[in-house]
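Asker: I am attaching a structure below and will ask some questions about it afterwards.
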Amino acid sequence: MTDQDTQQTIRGKPISPGLAEGVTYVHRDMFHLVDMPVPIEIKDIDQEFHHLESSTATITEDLLALATRVEQEMDANLAAVFEAHQQMLNDPALKTELRTEIRENLVSASSAVKTVFLRWERRFLDMESRMAQQKGADMRDISNRLSKALAGIRIHPLEQIPPGSVLVASRLLPSDTVFLSQCSAAAVLLEHGHAGSHAASFVRAMGVPCIADIRDILTRVPAGVRVLVDADRGEILLRPTETDEARFRNKTADRRKLLSMAGQRAEEPAITQDGIAIPVLANVGCRKDVESAMQNGADGIGLYRTEQTYLGRTQPPDADELFDEMRRTLDPARGKPVCVRLLDVGADKPLPFIGFLAETNPALGRRGIRMQIEYPRLMETQLQAILKLADDFDVSILIPMVALPHDIVTVRECLDRIGAEHSGTALPRLGAMLETPAAVFSIRAMAPHVDYVSFGTNDLTQYTFAADRENAAVERYFNDSDDVIFRFLRIAHDDAPRMPLSICGELAGRPMHLPRLLQCGIRTFSVTPPLIPAIKEAIRESSCNKDLMPESRKAD
Ligand code: PEP
Ligand code: MG
């Protein structure tokens, strides 16, 4: 018997939970196909220029239409990506390089696109900053699109996936995620991408099981084989036997039963075995997320990421615009507690109206609260809008990327000053995100200035292991459930036992870690909306007091 027909187990990192079965569909992007440059004659140059121009115009139109559709139906953040693609595609320097390639090397427009885009992609990937790395992925996405248009293909390969397939790919590009939402894949298996990446948040928000970090996936997992995917454990069984299938069917039925029970009880509060009510809130970025949060039984909003209101604008919103946008987004959650995070942008996510702040290491530069201390007007506008919101909503505020007690004191002073000018009710509660080791170790010094803290374990992991969240090359260092991270939580609890502790990083959404998080003193969870019912259920089976915990759920 050969590998071709034997059953085989492959492991990876679970990034979106769930069980799924199906037949594999392998998605290779165009650069995996080796093709030789197609030579042309001098007399054909103008024809190739024309071909390139008309395809660029077609794609420009497609991208603009896609951006509008995505903004209306899905996510304004993702829509901004397609607008940016359209601008990159029409970059004059890129256009000149493409024409030079055709004219000087006498190659077809398609060959020029492959060579020039690959060159640009490599240039970006060789740069240090996360933004440049992301641009590398964007270049590949645009070039795939343009190559297909030149070949007369306007259909995205993911549009052709048979429904219910298990998608196997090296990584997910931004445009893939749009088609993925329509093709109803049963599960996604990836070589690159981890819990903190853009693709990961997207598949989780859609509720599609996903396992990533599977080395050499395109050679190890062939197309057209039957697989059983356990994305709770990160296991894929290729070519299962009858016995495996039967066992998996039972497991799926048990899980479905549990989920349906959890769904029915999602509206109810989550109370631990020892009688402690644990609020389960939602992480959101747009109104659609807030609607999904309410449908999934969220007890409120634990993290409203406000970045998309600012990105891609030429002028910052004023307090009234910001207030309107916040109220429109949060409206479905009216009557429940909502927590607005102050703007978390920085040199890696530049604001056009501030200008690009060149920094060799943007993740360690002017991010989050640091940017607002430098541009106090940004902070004031947000606090004015939030105070207005507090007339109608039960609002609290979260400060991102805190490293020094002084970061919080600055916000506290600004809030007190603006609050004195506002004739509304009491000031909103103020919280600090614990996303840097320094913030965790400073919790005692911070305690007098904040009402609560929330662990942003995505960034805490990045800064603890010195491993960029988006960099596939250091994926194995990025482990947000390592003992080291739990030690940080424990230290914060021991140092400030009366401080209310929340968690809003991705770690909060994995039921297997829940008992340990409770034992570290976490009393509020904030997760992506589809995970709320399962997290509430896991809380109901757990206990805050380790001695009362059922044996099967006791954490070490
Ligand atoms: C975090 O860092 O854990 C977090 C919740 O914030 P974000 O993912 O938006 O950086
Ligand atoms: Mg963060």
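The values are calculated or read from the model by the stated rules, or taken from the named source; none is laboratory data. All figures in this text were calculated on a predicted structure; none of them were measured in a lab. FYI the Cβ positions are ideal-geometry reconstructions off the backbone, even for glycines, and counts take in every protein chain you see. Remember, those area values only see protein heavy atoms, side chains included, never the ligands or the DNA or RNA. Shrake-Rupley method; radii C 1.70, N 1.55, O 1.52, S 1.80 Å.
Asker: Say we look at region 357-381 and pick out the residues that are within 16 Å of ligand 1 (Cβ to nearest atom) and part of a helix (DSSP H, G or I); which of these is most open to solvent (accessible area, probe 1.4 Å)?
Answerer: Among residues in region 357-381 that are within 16 Å of ligand 1 (Cβ to nearest atom) and part of a helix (DSSP H, G or I), the one most open to solvent (accessible area, probe 1.4 Å) is Leu364.
Asker: On to the next question. Quick one: which strands (runs of 3 or more DSSP E) sit completely within region 397-509 and have at least 3 residues that are of a type in the set (Val, Ile, Thr)?
Answerer: none
Asker: A follow-up question, please. Would you confirm, using the coordinates I've provided, whether Leu259 is surrounded by 14 or more Cβ atoms within 10 Å (Cβ to Cβ) and at pLDDT below 95?
Answerer: Against the criterion (surrounded by 14 or more Cβ atoms within 10 Å (Cβ to Cβ) and at pLDDT below 95), Leu259 qualifies.
Asker: Only one of these conditions is not met by Arg417: (1) more than 16 Å from ligand 2 (Cβ to nearest atom); (2) open to solvent by less than 10 Å² (accessible area, probe 1.4 Å). Which number is it?
Answerer: Among (1) more than 16 Å from ligand 2 (Cβ to nearest atom); (2) open to solvent by less than 10 Å² (accessible area, probe 1.4 Å), Arg417 violates only (2).
Asker: I would also like to ask the following. Quick check on this structure: which one of Arg516, Arg523 is open to solvent by 30 Å² or more (accessible area, probe 1.4 Å) and touching a helix residue (DSSP H, G or I) at 6+ places or on another chain (Cβ under 7 Å)?
Answerer: Every option except Arg516 fails the conditions.
Asker: Out of Arg204, Arg247, which single residue is among the basic types (Lys, Arg), assigned to a helix (DSSP H, G or I) and without any contact (Cβ under 8 Å) to a residue 12 or more places away in the chain?
Answerer: After ruling out the rest, the residue left standing is Arg247.
Asker: Something else about it: Within region 433-455, can one find any residue that is modelled with pLDDT under 95, under 17 Å from the mean Cα position of the chain (by Cα) and closer than 30 Å to Leu259 by Cα?
Answerer: For region 433-455, residues modelled with pLDDT under 95, under 17 Å from the mean Cα position of the chain (by Cα) and closer than 30 Å to Leu259 by Cα: absent.
Asker: Which members of region 437-458 meet the condition of being within 10 Å of ligand 2 (Cβ to nearest atom) and surrounded by fewer than 24 Cβ atoms within 10 Å (Cβ to Cβ)?
Answerer: Hit for region 437-458 is Asn458, nothing else.
Asker: Let me ask something else about it. List, please: which pairs have Cβ atoms under 9 Å, are six or more places apart or on different chains, and start with a residue in region 491-508 that is over 17 Å from Ile276 (Cβ atoms) and end with one that is within 14 Å of ligand 1 (Cβ to nearest atom) and aromatic (Phe, Trp, Tyr)?
Answerer: From region 491-508, the pairs are Ala492/Phe455; Cys504/Phe455; Cys504/Phe525; Gly505/Phe455; Leu507/Phe455.
Asker: Within 23 Å of Val338 (Cβ to Cβ) and away from ligand 2 (no atom under 16 Å from the Cβ): does that describe Met512?
Answerer: Spelling it out, it is not the case that Met512 is within 23 Å of Val338 (Cβ to Cβ) and away from ligand 2 (no atom under 16 Å from the Cβ).
Asker: Would you confirm, using the coordinates I've provided, whether Ala492 is of a type outside the set (Lys, Arg), within 16 Å of ligand 1 (Cβ to nearest atom) and more than 21 Å from Leu514 (Cβ to Cβ)?
Answerer: When the stated conditions are applied, Ala492 does not pass them.
Asker: Given the condition of a type in the set (A, V, I, L, M, F, W, C), within 16 Å of Ser526 (Cα to Cα) and touching a helix residue (DSSP H, G or I) at 6+ places or on another chain (Cβ under 6 Å), answer yes or no: does some residue in region 491-500 qualify?
Answerer: no
Asker: While we're on this one: Those residues that are more than 16 Å from ligand 1 (Cβ to nearest atom) and either free of Cβ contacts under 8 Å to residues at least 12 places away in the same chain or touching a Ser or Thr at 6+ places or on another chain (Cβ under 7 Å) (or both), I need them from region 445-464; list them, please.
Answerer: Pro448
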